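In what follows, a single structure is set out as structure tokens and then discussed.
What follows is calculated from the coordinates using simple rules that are stated; it is not laboratory data. Because the structure is predicted, anything quoted here is derived from the model rather than measured. Don't worry about glycine lacking a Cβ; one is built from the backbone with ideal geometry, like all the others, and counts go over all protein chains shown.
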Amino acid sequence: MTNMENVDAVIDGAKISALKGEDLPIVYIHGSGCDASIWMNQLEELGGYAVDLPNHGKSCFAEIRSVDDYAYFVAKFVKKILGKAIIIGHSLGGAIVQKICIEYGDIVKAVGLISTGARLRVLPEILQGLEKNPDETSKIISEFSFLDSTLKKKYSKIFAERNKILLKDLMLCDKFDLLDKYRNNEIKILCPTVIVVGRYDKLTPPKYSQFLNERIKSSEIYIVDNAGHMVMLEKPVEFNRILKNFIERLV
Ligand code: COA
């Protein structure tokens, strides 16, 4: 792993940290129980900033009660460091991106919605399991997240170590629901939008991405073969090609 620079911003007294690759106005947002390093393949090849959400990675504690609170911190970070950016979010990160589009549209150049959805209900067995039997449930979540067996093994350990914040994030996902607002045309995402999902994503199936594609007129969708929920980790070459092509057409 290449040594990367850390870029910090203090927001409402909390340090928010990001890993920085080549200087590009892209901000990546990780999903539940993950951190900035999940975007290492993108930082190394494309550049940009991968933020650690509050209470994750190198970022400090902040009171987070909803996806909106995460959106607030990321939006402030983007405004402070870049002014305006292409904002790419994975899973929970994609929910945060949608909220940023709704609440803080002035900081958004374009967005990426990766393995995410307009609603992110979580299996009750996962939520209860993380509370009662975190090691076993972390293994199950990792099984659901990847097709690749080496990554499954690696992340089952990482998720077990971070089971408390993983549970908290998944509880926030479970409450996130914009489905009816999209259906009633109450949400207007008008910026260029790239939607990417793994064909075998079990946690946020392609159907969720297709729904977003139908509702966001300015969007394009890519379904990546031989990939599960963690498409940017499992298929970095294909994923980066899609993102690079999207970014190049924005200029
Ligand atoms: N986009 C489009 N459609 C969606 C959607 C989304 N984000 N979320 C739900 N829907 C649809 C479902 O496909 C379903 O449609 P159908 O009736 O035509 O089959 C309908 O809305 C009902 O939603 P569903 O999520 O199935 O609600 P539920 O209460 O019946 O089931 C779960 C809840 C948790 C069992 C289910 O959401 C699930 O299996 N989730 C995936 C596993 C998981 O835990 N993911 C974590 C995400 S971070």
Worksheet item: Put +1 on the Cβ of every Lys and Arg and -1 on every Asp and Glu Cβ in segment 9-75; which of 50, 18, 66 then has its Cα farthest towards the positive end of the dipole?
Response: 66
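Can you give the charge dipole size of segment 120-251 about its Cα centre, rounded to the nearest 20 debye, using +1 on the beta carbon of Lys and Arg and -1 on the beta carbon of Asp and Glu?
Dipole about the Cα centre, nearest 20: 180 debye.
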Discussion item. So if I restrict to the alpha-carbon atoms in segment 122-251, what is the Rg, and what is Dmax, the biggest pairwise distance, in Å?
Written reply: 16.4, 50
Discussion item. What's the magnitude of the charge dipole for the chain around its Cα centre, counting Lys and Arg as +1 and Asp and Glu as -1 at the beta-carbon? Answer in Debye, nearest 20.
Written reply: 320
Worksheet entry | Summed side-chain charge close to residue 47 - residues other than residue 47 whose Cβ falls under 9 Å, Lys, Arg +1, Asp, Glu -1 | -3
Worksheet entry | For peptides 204-212, 143-151, sequence by mean Cβ density within 10 Å, most packed first | 204-212, 143-151
Fill in: Gyration tensor verdict on segment 186-250 (Cα atoms; rounded if a/c is under 1.5, prolate if a/b is larger than b/c, oblate otherwise)
oblate
Worksheet item: How do the peptides 77-84, 243-250 rank, highest first, by the average count of neighbouring beta carbon atoms within 10 Å per residue?
Response: 77-84, 243-250
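Take each of the peptides 12-19, 184-191, average the number of other beta-carbon atoms within 10 Å over its residues, and list them starting from the highest.
On the way: 12-19: 18.5, 184-191: 13.0.
Packing proxy ranking, top to bottom: 12-19, 184-191.
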Response to the item:
Kirkwood Rh for segment 43-173 from C-alpha pairs, in Å, is 15.8
Item to complete: Determine the principal axes of the Cα atoms in the chain, then give the extent along each, sorted from largest to smallest and rounded to whole angstroms.
Response: 47, 38, 34
Worksheet item: If all Cα-Cα distances of segment 1-85 are sorted into 10 Å bins from 0 onward, what percent lands in each bin, rounded to whole numbers?
Response: 19, 56, 23, 2
Worksheet, complete the sentence: Residues other than residue 72 with Cβ under 12 Å of its Cβ, Lys/Arg counted +1 and Asp/Glu -1, net out at -1
Discussion item. What does the charge count around residue 149 come to, taking other residues whose C-beta lies under 13 Å from its C-beta (Lys +1, Arg +1, Asp -1, Glu -1)?
Written reply: +1
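Please give the charge dipole size of segment 5-74, origin at the Cα centre, charges +1 on K and R Cβ atoms and -1 on D and E Cβ atoms. Round to the nearest 20 debye.
Working: 4 positive and 12 negative charges, 33 e Å.
Value, rounded to 20: 160 debye.
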Worksheet item: If the cut-off is a Cα-Cα distance under 17 Å, which aspartates and glutamates reach residue 154, setting aside same-chain residues fewer than 8 apart in sequence?
Response: 35, 135, 136, 143, 234
Response to the item:
Of the listed links 175/207; 152/188; 58/99, those spanning more than 27 angstrom between alpha carbons are 152/188
